[in-house]
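What follows draws every value from the coordinates through simple rules; no lab data is involved. Predicted model only: the values in this text are computed from it and were never measured. No Cβ is skipped: glycine too gets one built from the backbone with ideal geometry, and neighbour counts run over all protein chains shown.
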Amino acid sequence: MSVGKMVLLAIYAVLAALVIALPGTTAASVAYWIIITLVVVHLLEVIAFFGLARRAGGSLPGHLIQVFFFGILHRPEMEAAAARR
């Protein structure tokens with residue numbers, strides 16, 4: 001797993017912790033809206049990268065899940081897999 005993906009997972013963990021641990025606070029509200037924004041953006045990336053995920057071979061659901069969680073950070077792996085095919 002790349003450093004960028006690990007950093008993104010840590011960011012998700014911090015955002016989730018803020019929402020869960022500090023309900024009703026401004027920090028929790030901001031974290032909640034950041035999470036919602038990330039979900040929308042990553043869903044759009046899943047749509048945008050669907051063709052590349054298909055060309056990459058391997059597990060299509062696996063690629064789409066990684067695109068949902070990591071977005072553009074998963075693109076180089078899919079491009080490399082597609083180039084090998």
Assess whether Ser29 counts as being on the phi < 0 side of the Ramachandran plot and touching a residue at least 12 places away in the same chain (Cβ under 8 Å). no
I'd like to check which helices (runs of 4 or more DSSP H) are fully inside the chain and have at least 2 residues that are surrounded by fewer than 11 Cβ atoms within 10 Å (Cβ to Cβ). 3-21, 26-48, 75-84
Tabulated pairs, segment 43-68, first farther than 20 Å from Ala83 by Cβ, second small (Gly, Ala, Ser) and exposed (fewer than 13 other Cβ atoms within 10 Å of the Cβ), C-beta under 9 angstrom, 6+ apart or interchain: Ile65/Ser59
